[in-house]
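Structure record follows, encoded as structure tokens.
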Amino acid sequence: MRQKLIGVAVAMAATGLVPGAAAAETAPEAAIAVGLESVALPTGDALAVDAEGMLVSDGTGPGYALTRSVDGDRIAVPLDTIDKVASGGLELGSFNVDDPGEEPEEPAEPGTEVTIESKWLDGSAPDVLGVSAVNVATGERGGPYYFDGGTGTLDLPPGRYQLLAMLHDDFESEDYDSLFAIQEIRVGARPSTVVVDGTRAEPVGFDLDREVVAEAFIFEAFSYEPDTEDGAWIALWAFPGGDVYAVPTGRLTGGRDVGFTIRAGYSSPADATEAYSYNLFRTELGGIPCDMVETVHDEDLAAVESEYQALGTKSSFSRMDMAVHPVYEPWAFTGTGEIALPSERTEFYTADEDLYWEQRGVFPYGRIGDASDWAYRDAGVLEAGETATAVWNDAPISVGLENLGQDFPPAMFYRWDEYEGVFFGPWMFSTASGDEAVQGEFYDGAMTLSNNGTLIASGDDMGLAVESAALRPGRLTVTADFERGVDWSLLGTRSTAAWDFAYDPAADPVLPVSVVEFSTPGLENGYAEAGTTQEFALEFVQQPGGDDQACAAMTFEISFDDGATWTAVPIRLVGDTADASVELPAEAAFGSVRFTAADEAGNTVMHETIRSFGIR
């Protein structure tokens with residue numbers, strides 16, 4: 001399963017994984033940088049890459065045209081800047097998001113001159129022509145190349161090629177329409193001319209049962225080795241950008257996987273009587289067909305009836321989803337608009353046994369590097385005609401270790417042998433149940449790591465990593481203390497935690513740490529009813545993937561004065577679960593929680609959250 005993580009992307013600079021955006025403050029020289037890597041585009045556009053390569057944008061501007069160099073690096077050029085790249089005003093390598101500044105390689109083998117001409121829908125020359133090419137027999141590829149005025153010249157060794165073209169027009173009106181074509185060409189010993197005929201193009205999109213507003217659109221055209229993503233690739237990532245067209249493909253040879261994928265997000269119009277959204281996926285092989293507008297009925301999709309709770313105050317956040325395909329992997333989320341909190345929405349999804357849907361909501365979806373919260377859920381594999389339910393922002397707020405099965409990082413406290421590093425990344429302001437995980441970014445606080453009583457590293461990021469060689473067998477102690485003051489939540493203003501546990505560099509890489517998860521039935525938009533008895537269901541939970549350890553002890557305390565005083569709450573502990581009852585004050589207040597727990601091996605945890613839930 002693909003990871004959903006956007007923030008604490010481990011950047012183990014010493015091992016060459018990904019350079020971190022924010023280096024840890026160290027005690028000795030042991031810490032490794034942890035953070036989201038921002039890419040400094042010459043246009044000033046906000047784009048970043050997380051540690052597994054997912055692209056992150058602030059959603060401003062019309063979007064990006066993407067291509068892949070011979071080395072496999074992705075080059076993301078803002079749609080409103082392609083003309084400057086094509087005219088030579090900006091270097092293509094300055095938009096390389098995987099190896100910033102690295103220019104695409106030029107083919108070493110001399111070739112035959114091939115002139116590529118292109119026509120827009122009306123037969124005129126487009127503003128920009130972008131092309132990539134792959135040799136059908138050898139798999140050798142060239143590009144990307146951008147040409148001003150819709151015409152350019154390539155030098156290609158003789159052979160049969162599949163040419164992927166992307167045309168852009170109408171820069172003056174700022175519509176940024178795009179047109180795609182895949183066609184096979186033969187290169188001989190003499191110069192030749194090839195025409196990409198956009199007058200034959202058809203519109204691309206979906207015909208739906210309801211009126212919609214386009215929020216995001218990803219179109220990819222490719223020629224790959226079968227069942228891989230090895231080959232030529234061009235793409236559009238728009239928010240939502242302009243109209244998209246594609247030219248039907250003619251005869252293809254060579255047995256390659258040649259086709260396209262579409263990922264599209266739509267929301268309901270502002271005047272709709274009920275809120276709804278669509279997140280759709282389509283892929284086909286055999287090139288581009290004649291009909292690129294797929295008719296999709298609601299009954300052919302899966303639906304999720306989603307309830308969006310507020311976290312103590314009215315707010316909003318941005319919703320996105322990601323369709324995980326076993327071959328054509330996603331590299332960005334697809335947005336479905338801004339959601340008012342509290343509210344409800346019916347959300348429709350493409351249903352297919354090969355698709356696994358991951359979900360995300362962001363407070364706020366703004367400038368990269370600002371304080372933010374990223375809520376993650378999994379819808380999983382959905383069936384056509386089925387209706388599921390989901391509750392977002394399901395307070396109370398607490399410290400969490402649930403990563404919802406993501407690949408990166410494999411666990412929140414993890415010895416990453418592949419990179420010779422050890423990662424510690426608690427989520428300090430998560431919702432307390434296991435159906436949802438919330439990651440905070442860029443909050444004020446501190447973490448420390450000690451090994452057998454000696455301070456090894458410290459930092460002010462909500463995540464810390466060290467080289468494996470810095471640690472010795474014995475005990476590790478990790479502390480974390482972070483504050484949060486944000487417009488979208490009155491809850492979770494501070495969380496503190498401490499873990500003390502055994503460390504064996506030869507044992508399970510998923511380290512033996514735990515938290516106490518809990519649920520509080522009856523909360524609505526983060527609030528319990530004043531003057532009532534509140535039930536608590538507690539559970540000792542280890543981070544997923546770790547060796548099973550039984551709970552040996554647990555305590556629970558509560559505070560109604562933001563942690564100035566604490567009251568021990570009697571619990572009834574049976575195995576790993578417990579229940580408790582708390583009399584809530586008659587006046588409006590906030591409930592803060594503190595837990596301790598130990599497993600049978602002697603590993604311990606203490607965590608507390610100020611203003612975990614409200615009372616009114």
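The values are calculated or read from the model by the stated rules, or taken from the named source; none is laboratory data. This structure is a prediction, so every number in the text was calculated from the model and none was measured. So basically every Cβ, Gly included, is an ideal-geometry build from the backbone, and we count neighbours across all protein chains shown. The protein model used for the area step is the full one, side chains on, heavy atoms only, and it has no ligands, DNA or RNA in it. Shrake-Rupley method; radii C 1.70, N 1.55, O 1.52, S 1.80 Å.
Of the residues that make up segment 379-390, is at least one crowded, with 19+ Cβ neighbours inside 10 Å, over 30 Å from residue 527 (Cβ atoms) and not aromatic (Phe, Trp, Tyr)? Full working, then the answer.
At the first step, the residues of segment 379-390 found to be crowded, with 19+ Cβ neighbours inside 10 Å are 379, 382.
Next, from what is left, pick out any that are over 30 Å from residue 527 (Cβ atoms): 382.
From what is left, the residues that are not aromatic (Phe, Trp, Tyr) are 382.
Checking segment 379-390: at least one residue is crowded, with 19+ Cβ neighbours inside 10 Å, over 30 Å from residue 527 (Cβ atoms) and not aromatic (Phe, Trp, Tyr).
One residue alone among 271, 207 is among the acidic types (Asp, Glu) and within 24 Å of residue 357 (Cα to Cα), and that residue is 207.
Of 155, 169, all but one fail to be charged (D, E, K, R) and within 17 Å of residue 77 (Cβ to Cβ); the exception is 169. Selection within segment 245-266: residues that are part of a strand (DSSP E or B) and over 24 Å from the mean Cα position of the chain (by Cα). The member of this set that is farthest from residue 178 (Cα to Cα) is 257.
Listed here are the residues, each with its yes/no results for (1) touching a strand residue (DSSP E or B) at 6+ places or on another chain (Cβ under 7 Å); (2) under 30 Å from residue 155 (Cα atoms).
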{"site": "196", "(1), (2)": "yes, yes"}
{"site": "199", "(1), (2)": "yes, yes"}
{"site": "210", "(1), (2)": "yes, no"}
{"site": "225", "(1), (2)": "yes, yes"}
{"site": "238", "(1), (2)": "yes, no"}
{"site": "261", "(1), (2)": "yes, yes"}
{"site": "267", "(1), (2)": "yes, no"}
{"site": "273", "(1), (2)": "no, no"}
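Can you confirm whether segment 60-78 contains a residue that is touching a residue at least 40 places away in the same chain (Cβ under 8 Å), acidic (Asp, Glu) and open to solvent by 10 Å² or more (accessible area, probe 1.4 Å)? Scanning segment 60-78, I find no residue that is touching a residue at least 40 places away in the same chain (Cβ under 8 Å), acidic (Asp, Glu) and open to solvent by 10 Å² or more (accessible area, probe 1.4 Å), so the answer is no.
Among strands (runs of 3 or more DSSP E) entirely within segment 267-377, having at least 2 residues that are farther than 30 Å from residue 184 by Cβ and open to solvent by less than 40 Å² (accessible area, probe 1.4 Å) singles out 276-285, 302-308, 315-324, 334-341, 343-349, 356-363. Does at least one position in segment 118-132 carry a residue that is among the aromatic types (Phe, Trp, Tyr) and open to solvent by less than 10 Å² (accessible area, probe 1.4 Å)? So far as segment 118-132 goes, no, none of its residues is among the aromatic types (Phe, Trp, Tyr) and open to solvent by less than 10 Å² (accessible area, probe 1.4 Å). Within segment 550-563, the set of residues being of a type outside the set (A, V, I, L, M) and open to solvent by 50 Å² or more (accessible area, probe 1.4 Å) comprises 555, 560, 561, 562. Search segment 471-514 for residues being free of Cβ contacts under 8 Å to residues at least 60 places away in the same chain and of a type in the set (Lys, Arg), and hand back the single one that is surrounded by the fewest Cβ atoms within 10 Å (Cβ to Cβ). Selected residue: 472. Here segment 581-616 is the region considered, the condition is being outside any loop (DSSP other than H, G, I, E, B) and of a type in the set (Gly, Ala, Ser), and the residue that is nearest to residue 396 (Cα to Cα) is 612. Of the residues making up segment 229-275, those that are of a type in the set (S, T, N, Q) and either within 16 Å of residue 164 (Cβ to Cβ) or touching a Lys or Arg at 6+ places or on another chain (Cβ under 9 Å) (or both) are 249, 253, 261, 267, 268. Taking (1) at pLDDT below 95; (2) out of contact with any Gly (no Cβ under 9 Å at 6 or more places or on another chain); (3) closer than 27 Å to residue 528 by Cβ in turn, residue 374 satisfies each apart from (2).
Taking every residue in segment 232-244 that is among the acidic types (Asp, Glu) and pairing it with any residue that is at pLDDT 90 or above, at least 6 positions away or on another chain, the pairs with Cβ-Cβ distances below 7 Å are 243/177; 243/203. A single entry from 545, 531 fulfils the requirement of being modelled with pLDDT under 95 and either open to solvent by 40 Å² or more (accessible area, probe 1.4 Å) or out of contact with any strand residue (DSSP E or B) (no Cβ under 7 Å at 6 or more places or on another chain) (or both): 545.
Would you kindly identify the strands (runs of 3 or more DSSP E) lying entirely within segment 531-580 that contain at least 1 residues that are among the charged types (D, E, K, R) and in contact with a Ser or Thr (Cβ under 7 Å, 6 or more places away or on another chain)?
533-542, 551-559
For residue 384, the criteria (1) of a type outside the set (Asp, Glu); (2) part of a loop (DSSP other than H, G, I, E, B); (3) modelled with pLDDT of 90 or more; (4) out of contact with any Asp or Glu (no Cβ under 7 Å at 6 or more places or on another chain) hold in every case but one, which is (4).
For segment 422-470, give me the residue count where each residue is assigned to a loop (DSSP other than H, G, I, E, B), open to solvent by 10 Å² or more (accessible area, probe 1.4 Å) and of a type outside the set (Ser, Thr, Tyr). Counting residues in segment 422-470 that are assigned to a loop (DSSP other than H, G, I, E, B), open to solvent by 10 Å² or more (accessible area, probe 1.4 Å) and of a type outside the set (Ser, Thr, Tyr) gives 8. Taken over segment 156-182, the criterion of being surrounded by fewer than 22 Cβ atoms within 10 Å (Cβ to Cβ), in contact with a Gly (Cβ under 9 Å, 6 or more places away or on another chain) and under 24 Å from residue 94 (Cβ atoms) is satisfied by 174 alone. When the residues of segment 566-616 are filtered to those that are open to solvent by 50 Å² or more (accessible area, probe 1.4 Å) and β-branched (Val, Ile, Thr), the one that is farthest from residue 542 (Cα to Cα) is 567. Taking the criterion of being crowded, with 18+ Cβ neighbours inside 10 Å and either in contact with a His (Cβ under 6 Å, 6 or more places away or on another chain) or touching a residue at least 60 places away in the same chain (Cβ under 8 Å) (or both), the residues of segment 84-111 that qualify are 85, 86. For segment 190-200, state whether one or more residues are part of a loop (DSSP other than H, G, I, E, B), buried (at least 17 other Cβ atoms within 10 Å of the Cβ) and touching a residue at least 40 places away in the same chain (Cβ under 8 Å). No, the conditions are met nowhere in segment 190-200.
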